[in-house]
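Worksheet: the structure to be examined is printed underneath.
Throughout, read-outs are computed from the coordinates displayed, never taken from laboratory work. Predicted model only: the values in this text are computed from it and were never measured. Methodologically, a virtual Cβ is constructed for each residue, glycine included, from the backbone with ideal geometry; neighbour enumeration extends over all protein chains shown.
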Amino acid sequence: METILMLTAVEADGALPKAAQEALGAARDLAGSLAGSTLAVGLWGADVKPAADAIAGCGAAKVYGAVSPDLAPARYATDAAAAEALAKAAGATIVVAPGTSRMARVMPGVSHRLGGKADTHVTAIEAGPDGVAATRWAYRQRIETVVSRTARPWILLLDPGCRAPAAAVPGSATVEAVAVALPPEAKRTVVTGVQAPPAEKQTIRPDAKLLFVAGAGWTKKQAGGAPRLPEAERLILDFLAKTGASLGSSKSLTDQAGEGQAVLGFLSHLNQIGQTGATPRHPKGLATCCHGEEPHTVGWRFITQRRAINLDPNCGWARGKADVLYVADVFEVMAKVNALL
């Protein structure tokens, strides 16, 4: 019999993050497939009641909450203390947490405090013949592994976008308060504010329906014999503004700055996807001026519909890596697309 705890920090406004709703769905399904198991929810932050009420009908036996203004900012010392206290209060044997940057930073340390084990980048959790099994990708999503552990508590960080969020019925939840001891040294780090680019300048949008990937071909000599970098930047930014798409890039393009070559000024290694970058999970993807070889396309493994624009009909995208390949000049195509938008 397992006690399964979905554990997360709440947003600044007390809401439950989307990634946590996905983790809740995984935890609930796991509890339902293990006879005699119970589901609990652990939340911490300045105010957890809005999040608790939003999932009141999720089927959790108990909702535990650690509430304090000191628990609002993302800070390792206070986050770890809250997560540890909530896990102990619930008597959790399996902890399912969203694989966000905040939770991934703190939960392995919490597993050590609890004397348990932790696995990150989990993509699925289910009950198997040998007990609970967690699926995760290794070697840049080229190898799928299934892990099962006897150590408890076992902390599992579920990667965002791997499943649909839990369809919980809102209501009025009863939150059992959990006290968290925070010595003065745990609050030495102070968050003074958040710096973020304006919405129109933000090019990384994990929840966007479309991923637009720019390859190195944008910066090369074009049909007229010269690069058209200013026009390339304008076309790409115009498309992103009109569609709300997320922007990715290939390694060759983000590496050009270190080689003294002309680059797109709004791209950085944070936009990089593929073997040496992120693995996005957008419903649709459009690759432009990309070579389409395996180091890049491995980053598209979880994208449902893949299309590409390339002048070379024999490029890597044409060999079974794209659902549709448009053999055309990307400058002409994107200018027409932007005009239609």
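Can you put THR123, THR150, THR8 in order, fewest other beta carbons within 10 Å first?
Working: THR123 19, THR150 9, THR8 27.
Ordered by Cβ neighbours within 10 Å, fewest first: THR150, THR123, THR8.
Which value, to two decimals, describes the C-alpha radius of gyration of the stretch 258-341 once divided by 2.2 N^0.38 Å? Show your work: numbers first, answer last.
Values: Rg = 13.4 Å, N = 84, 2.2 N^0.38 = 11.8 Å.
So the Cα radius of gyration is 1.13 times the expected 2.2 N^0.38 Å.
List the DSSP H helices in the chain whose Cα atoms stretch 18 Å or more along the helix axis and whose mean Kyte-Doolittle hydropathy is at least -1.0.
Values: long enough: 18-33 (23 Å, -0.13); 76-90 (21 Å, 0.47); 101-114 (20 Å, -0.18); 229-243 (21 Å, 0.33).
Going by DSSP H runs, the hits are 18-33, 76-90, 101-114, 229-243.
Which order, highest average first, do 91-102, 168-179, 17-28 follow once you tally other Cβ atoms within 10 Å for each residue and take the mean per peptide? Write out the running numbers ahead of the final one.
On the way: 91-102: 22.0, 168-179: 13.8, 17-28: 23.8.
Ranking the peptides 91-102, 168-179, 17-28 by packing returns 17-28, 91-102, 168-179.
Could you pull the Rg and Dmax for the chain, using just the Cα atoms, both in Å?
22.8, 71
Go from 0 up to the bin containing the longest alpha carbon distance in the stretch 97-212, width 5 Å each, and give me the % of pairs per bin.
Result, from short to long distances: 2, 8, 11, 15, 18, 16, 14, 11, 5, 1, 0 percent.
Using only alpha carbon pairs under 8 Å that are at least six residues apart, calculate the relative contact order of the chain and give it in whole percent. Write down the numbers at each step before the final one.
Values: 718 pairs, mean separation 49.2, N = 341.
Contact order relative to length: 14 percent.
What order, most packed first, do the peptides 280-289, 65-74 have when packing is the mean number of other Cβ atoms within 10 Å of each residue?
Details: 280-289: 22.0, 65-74: 19.0.
Those peptides, ordered most packed to least, come out 280-289, 65-74.
Rounded to the nearest 5, what % of the DSSP beta bridges within the chain are antiparallel ones? Let's see the in-between values first.
On the way: 11 of 58 bridges.
Once the DSSP bridges in the chain are tallied, antiparallel ones form about 20 percent.
What base-10 log of the normalised intensity I(q)/I(0) is obtained for the stretch 12-109 from the Debye formula, alpha carbons as equal point scatterers, at q = 0.10 Å⁻¹?
Summing over Cα pairs of the stretch 12-109 leads to -0.24.
What pairs from LYS201/LYS321; LYS88/LYS117; LYS242/LYS321; LYS201/LYS221 go past 25 Å between their alpha carbons?
Numbers: LYS201/LYS321 30 Å; LYS88/LYS117 15 Å; LYS242/LYS321 27 Å; LYS201/LYS221 27 Å.
Pairs exceeding the cut-off: LYS201/LYS321; LYS242/LYS321; LYS201/LYS221.
Taking the stretch 165-219 as the region of interest, what is the percent of Cα-Cα pairs per 5 angstrom bin, listed from the shortest bin to the one with the maximum distance?
With a bin width of 5 Å, the distribution comes to 4, 9, 8, 10, 11, 11, 17, 15, 7, 4, 3, 1.
The stretch 199-340: Rg/Rh from Cα coordinates, Kirkwood Rh?
Values: Rg = 13.7 Å, Rh = 14.9 Å.
Reported Rg/Rh, Kirkwood definition of Rh: 0.92.
Å³ per residue of the Cα convex hull, for the stretch 75-136? It would help to have the intermediate numbers written out before the result.
Working: hull volume 5.2 nm³, N = 62.
In the stretch 75-136, the Cα hull volume divided by residue count equals 83 Å³.
Based on the Kirkwood radius over alpha-carbon pairs, what is the Stokes-Einstein translational diffusion coefficient of the stretch 3-187 at 37 °C with 0.692 mPa s viscosity, in µm²/s?
Working: Rh = 16.1 Å.
Diffusion coefficient, whole number: 204 µm²/s.
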